[in-house]
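Undergrad: Mind having a look at this structure? Questions to follow.
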Amino acid sequence: MIPSSTLRRRKVKKLKESKDGLEYDLDKGQERVQPEFICCFCGCLIIIVAMQMLAWCAFAYSTRVDAFPVDTADIEADGLRWVRMPDGRVIEYGVCGHPNSKKVLYGQHGYGLTASFTLSKMNCKWADQNGVYIIAPTMPGFGYSDSYPISRPRSLTDWSLDVKAVLDKEDITGNFYVYGVSAGCVHAAAVAAAFPERINGILFSVPTAPIHIEAMSDKIDTKTRLLKILLRVNYIGDLIAYFIGTFLTAKDLIYFSAPDIRNAISRFQKEGYEDTAEELFENMDRAVRHTYRGWKDNMHVISDPIPFDMKSISSIAERNRKVIITTSSDDTTNPPIFHQWFHVQIPGSRMLTFEPGYGHVHLLEPENWRRAMKEIGLGLGF
């Protein structure tokens, strides 16, 4: 018999250490990884991942910077107007319809859009036919309205002063109607709360609601919710806003994060309203032409607790002026619970429900728009 020590020596002879850190069994062609190689590989992987994370952190840090000041020549080149605020900021705005009309409508666009979309072909044609003068400003950070410095977060209480400056420049000293859509509703509400005695009627369409109300809803689309949450986070939100403004088209963004709007666009195209879809895409792209900051800087404005008493708007309803809130059951961007919350905050307001089919953008359908405007006393002709 061969001693066991001899067998161990023979087994050792079968093994040959290679230069790459592996052991090969010369008889069976099998290989075994040495611990030193595993440690080296894992160490390199950790270093690579850490360097990638540091690079992304540095990139995110670099995106949290103030936007350059707006050049007013860019505003005028797009056929819009502007006013400069006492703090130096420029607010762009546009008008259409009848400038001498007593039926003035202040219109406020939604998130990621500009004044130009409020002045769509459909809206301006309606204004011409009904003797209405539409005045539409752009929120700070979108289009060519200056962003606030990062060191000075926006407050909705400032917005009423911005809008008053626009109205003053247009020599509007009397009463006016108010219209807001989506994120534009809390902006419109700020104006109505500041000047309730001047308001002839209000239309709030698919309003947003504070984040604590959003957390109660299971109807908001998951991707929409995630985008809103991330945009609130400093640096991460700045990075996402940068990518939205730099790499994504409006069509990409809608198709990814707003399925109800995507479905409505498909329906518009089938029904012969291709211009509506194209205007939406073009205006969303215009919103980030100067800076991406609007996507980040305005998110806390629409999701933080509202910094004024919404119930003060009820005094408008008490004067027999209509306060209407539109809703649709297939809105997954701002689900109906948001609209109901808005309704509860304003005693005397009334809900106006539209049939499903157009989701969050049901007022882009011409007949729905005309119906809503008639509810607040506009669109009845000259």
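The values are calculated or read from the model by the stated rules, or taken from the named source; none is laboratory data. Owing to the predicted nature of the structure, the values given are computational and were not obtained by experimental measurement. In this analysis, Cβ positions are derived from the backbone assuming ideal geometry, glycine residues included, and neighbour counts consider all displayed protein chains. Quick note on the areas: whole protein, heavy atoms, side chains included, nothing else; ligands and nucleic acids left out. Shrake-Rupley method; radii C 1.70, N 1.55, O 1.52, S 1.80 Å.
Undergrad: Please work out which residue is most open to solvent (accessible area, probe 1.4 Å), limiting yourself to the stretch 293-334 and to residues that are of a type in the set (Asp, Glu) and in a loop (DSSP other than H, G, I, E, B).
TA: Our first condition is that a residue be of a type in the set (Asp, Glu); within the stretch 293-334, this holds for 297, 304, 309, 318, 330-331.
Right, trim to in a loop (DSSP other than H, G, I, E, B) and you get 304, 309, 330-331.
Values: ASP304: 52, ASP309: 94, ASP330: 44, ASP331: 2 Å².
Step by step, filter the stretch 293-334, then rank; the result is ASP309.
Undergrad: Which numbered condition trips up VAL163, out of (1) among the hydrophobic types (A, V, I, L, M, F, W, C); (2) assigned to a helix (DSSP H, G or I); (3) over 19 Å from VAL90 (Cβ atoms); (4) open to solvent by less than 10 Å² (accessible area, probe 1.4 Å)?
TA: (3)
Undergrad: Just one of (1) under 22 Å from the mean Cα position of the chain (by Cα); (2) among the hydrophobic types (A, V, I, L, M, F, W, C); (3) at pLDDT 95 or above; (4) farther than 12 Å from GLY143 by Cβ trips up MET85, so point out which.
TA: (1) is the only condition that MET85 fails.
Undergrad: Anything in the stretch 280-315 that is over 25 Å from ILE211 (Cα atoms) and touching a Gly at 6+ places or on another chain (Cβ under 8 Å)? List them, or say none.
TA: ARG286, ARG289, HIS290, THR291, listed by residue number.
Undergrad: Being among the charged types (D, E, K, R), touching a strand residue (DSSP E or B) at 6+ places or on another chain (Cβ under 7 Å) and under 24 Å from ILE202 (Cα atoms) is the filter here; which residues of the stretch 82-102 pass it?
TA: GLU92
Undergrad: Another one. Name every residue in the stretch 346-362 that is open to solvent by 10 Å² or more (accessible area, probe 1.4 Å) and within 23 Å of the chain's Cα centre (by Cα), in order of residue number.
TA: Within the stretch 346-362, PRO356, GLY357, TYR358, HIS360, VAL361 meet the criteria.
Undergrad: Please go through (1) among the hydroxyl-bearing types (Ser, Thr, Tyr); (2) part of a helix (DSSP H, G or I); (3) buried (at least 17 other Cβ atoms within 10 Å of the Cβ) for THR157 and return the number of the only condition it doesn't satisfy.
TA: THR157 satisfies all of (1) among the hydroxyl-bearing types (Ser, Thr, Tyr); (2) part of a helix (DSSP H, G or I); (3) buried (at least 17 other Cβ atoms within 10 Å of the Cβ) except (3).
Undergrad: Next question, about the same structure. Specify which of the listed residues (TRP341, TRP369) is open to solvent by 40 Å² or more (accessible area, probe 1.4 Å) and in contact with a helix residue (DSSP H, G or I) (Cβ under 6 Å, 6 or more places away or on another chain).
TA: TRP341
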